[in-house]
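The values are calculated or read from the model by the stated rules, or taken from the named source; none is laboratory data. Keep in mind that what you see is a predicted model, and the values were worked out from it rather than measured. Every residue, glycine among them, receives a Cβ derived from its backbone with ideal geometry; neighbour counts consider all protein chains shown. These accessible areas exclude ligands, DNA and RNA; they are computed on the full protein's heavy atoms, side chains included. Shrake-Rupley method; radii C 1.70, N 1.55, O 1.52, S 1.80 Å.
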Amino acid sequence: MERIRIFDTTLRDGEQTPGVSFTPEEKMEIAVQLDKLGVDAIEAGFPSASEGEQKAFKEIAATGLHAEVCALTRTLKSDIDAALACNPDSIHTFISTSEVQMKHALGMTPEQVLEAAVTSVQYIKDHGLICEFSPMDATRTDLGFLKRICKAAEEAGADRINIPDTVGIMSPQSMERLIRELKAVVKTPLSVHCHNDFGLAVANSLAGVVGGAAQVHVAVNGLGERAGNASLEEVVMGLHLIYGKKTGINTKLLYGTSRLVSRLTGIVIQPNKAIVGENAFAHESGIHTRGVTVEPLTFEPFSPEVVGRRRRLIAGKLAGKHGIRVELEDSGFHPSEAQLNEIVRRVKELGDKGKTVTDADLLAIARTVMGEVVEEKIVDLTDFAVTTGIRVIPTASVKIVMDGKEYVAAETGVGPVDAAIKAIQKITNQLANVRLTEYRLEALTGGSDAVAEVIIKVEDKDGNIVSARGAREDIVMASVEAMINGINKLLIRRRK
Ligand code: KIV
Ligand code: ZN
């Protein structure tokens with residue numbers, strides 16, 4: 001099986017992501033993680049850019065990582081000297097070769113560009129370092145000139161030639177063809193560096209390998225200039241499982257690496273991103289959840305553990321009873337058939353309202369249904385209304401059926417929850433003087449439409465204490481549900 005080199009540019013092109021800037025400590029933390037992950041080369045920075053960049057680079061180069069630590073330079077002696085001062089294992093030197101960039105970005109003729117490339121490669125090789133040469137904007141470069149400059153870099157001693165698709169304009173077909181054409185001209189190992197302007201960076205990188213590239217430039221989470229570079233995790237998994245190639249990557253560390261980079265860059269990963277997105281191994285529809293619980297391969301291309309993840313079954317309106325039962329059993333809940341029906345009913349009710357039911361929401365619902373909804377209900381809430389606002393005294397009115405008789409009460413409070421609890425107590429105090437001793441509210445998912453879980457403790461006049469829960473997407477309703485559950489528990493205990 002052919003082994004493809006993974007050249008990681010998270011710390012260089014990745015740092016060119018708008019809004020991303022690493023401290024030297026963060027760079028070190030990522031470099032150490034990339035080394036553990038098993039990348040072959042870490043492009044740790046652009047030393048001529050700043051003193052901070054040089055300092056961070058030197059520290060990474062001195063750490064003794066297994067991976068090759070590579071510095072980026074323009075084909076300028078001053079840039080290369082700045083890189084040499086940082087003790088890299090290799091230098092990646094680049095110069096624009098497309099007509100538009102030579103003319104408007106460099107103001108140089110093709111002959112001047114060719115000479116700068118050759119001189120720089122020789123200078124790097126004279127210092128005994130590995131040299132990777134990039135003709136920048138290669139994919140928009142006149143093919144004849146591209147072949148000439150690649151050949152010249154090879155003759156000057158370049159160890160690798162990297163072909164950047166700088167503005168991401170290639171298709172998989174054109175990338176494969178270009179690499180094949182260049183392979184016919186140079187013997188030096190070829191590499192590809194694809195940008196994601198059309199969302200094709202990963203496909204183009206894989207096509208480059210099919211064409212004969214021995215190395216791929218990637219960045220964790222697809223970070224990089226503009227729309228980013230080819231994502232490390234997607235390229236690696238594609239190489240391993242679709243193209244039958246080997247890399248040095250320990251795929252079990254892919255998810256952890258992605259999380260680390262997301263945390264340090266502050267760039268949140270889209271939930272539906274392949275491999276590392278939160279939904280990449282989440283199943284919701286009844287057909288899928290049933291399928292994967294019977295045989296994971298029914299609806300998964302590979303097992304989530306391969307990339308350091310876990311399968312998630314999502315409870316939503318499309319969820320099946322089977323999937324919800326499996327998800328609950330995984331968390332140690334074993335609902336009866338009636339309880340499961342009630343849990344599924346509540347989950348679907350939330351789903352119909354457009355809510356996403358997270359794992360935490362599901363468990364909260366299950367705890368409420370299984371632990372607190374007592375079969376025998378001495379007290380049951382049949383009607384409830386609450387008003388609140390500015391210059392309005394929060395007021396709640398409740399209709400409660402207690403021991404078969406209907407009672408109505410209204411109360412005011414400091415807020416709608418307080419008013420509702422007092423109104424309930426006004427009625428139930430006839431049976432049991434129940435006092436609320438503890439109240440805790442947990443918004444389980446973050447958003448303002450989260451399912452709220454209310455956990456309370458109530459005590460009767462004889463000192464009996466019970467705890468109870470309520471879980472609804474409405475805080476007041478969750479509180480009322482918890483209170484009614486608590487009162488029922490106390491009354492049942494007293495009667496027993
Ligand atoms: O995209 C690009 O062309 C680059 C070069 C520096 C290789 O990042
Ligand atoms: Zn780039």
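Values for this structure:
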quantity: For the chain, accessible area per residue (1.4 Å probe, heavy atoms of protein chains only), Å²; calculated: 44 Å²
quantity: Estimated inter-spin distance, Arg226 and Ala49, nm [label 7 Å along Cα→Cβ]; calculated: 1.8 nm
quantity: Candidates per GluC sites (Glu not before Pro) in the range 232-320, loop by DSSP, up to 16 other Cβ within 10 Å; calculated: Glu278
quantity: Long-range amide H partners of Val192 with built H, under 5 Å; calculated: Ile163, Gln215, Val216, His217
quantity: Cross-link reach list, lysines versus Lys246, counting only Cα pairs under 22 Å and skipping chain neighbours closer than eight places; calculated: Lys36, Lys183, Lys187
quantity: Three-way shape label, the range 282-370, alpha-carbon gyration tensor, a/c 1.5; calculated: prolate
quantity: Accessible area of the range 5-265 belonging to carbon and sulfur atoms, whole % at 1.4 Å probe; calculated: 53 percent
quantity: Distance between the range 421-496 and the range 198-253 - C-alpha centres, whole angstrom; calculated: 54 Å
quantity: The range 375-495: radius of gyration over Cα atoms, expressed as a fraction of 2.2 N^0.38 Å; calculated: 1.02
quantity: Under 5 Å, built H, 5+ apart or other chain: amide partners of Ala282; calculated: Arg312
quantity: Fully extended contour minus Cα-Cα distance, from Thr109 to Glu329, at 0.36 nm per residue; calculated: 72.2 nm
quantity: For the range 157-165, 3J(HN,Hα) per residue [Karplus equation, 6.51 cos²θ - 1.76 cosθ + 1.60, θ = phi - 60°, Hz, x = Gly/Pro]; calculated: x, 4, 8, 9, 10, 9, 10, x, 9
quantity: Efficiency of FRET between Glu99 and Lys426 - r from beta-carbon atoms, R0 56 angstrom, step 0.05; calculated: 0.10
quantity: Using θ = phi - 60° and Karplus 6.51 cos²θ - 1.76 cosθ + 1.60, couplings along the range 276-281 (whole Hz; Gly, Pro as x); calculated: 10, x, 4, 8, 4, 10
quantity: Gain on full stretching of the segment that runs from Thr412 to Lys461 - 0.36 nm per residue minus C-alpha separation; calculated: 15.3 nm
quantity: Solvent accessible area, Å² - Lys317, 1.4 Å probe, full protein context; calculated: 100 Å²
quantity: Per-pair calculated FRET efficiency, R0 = 51 Å: Ile242 and Leu76 via Cβ, rounded to 0.05; calculated: 0.80
quantity: q = 0.11, 0.15, 0.16, 0.18 Å⁻¹, the range 5-265: log10 I(q)/I(0) [Debye, one scatterer per Cα]; calculated: -0.53, -1.04, -1.20, -1.53
quantity: Inverse mean reciprocal Cα-Cα distance (Kirkwood Rh) of the chain, Å; calculated: 26.7 Å
quantity: Net charge over other residues, Cβ less than 10 angstrom from the Cβ of His195 (K, R count +1; D, E count -1); calculated: -3
quantity: Antiparallel DSSP beta bridges within the chain, percent to nearest 5; calculated: 50 percent
quantity: Point-to-point label distance, Lys377-Lys187, nm (Cα→Cβ direction, 7 Å offset); calculated: 8.4 nm
quantity: 15 Å cut-off, amide nitrogen to a point 7 angstrom out along Thr63 Cα→Cβ, residues in the range 212-235; calculated: 220
quantity: Separation in nanometres of the label points that stand 7 Å from Cα toward Cβ, at Asp142 and Val401; calculated: 8.9 nm
quantity: Heavy-atom accessible surface of the range 375-495: percent carbon and sulfur, 1.4 Å; calculated: 49 percent
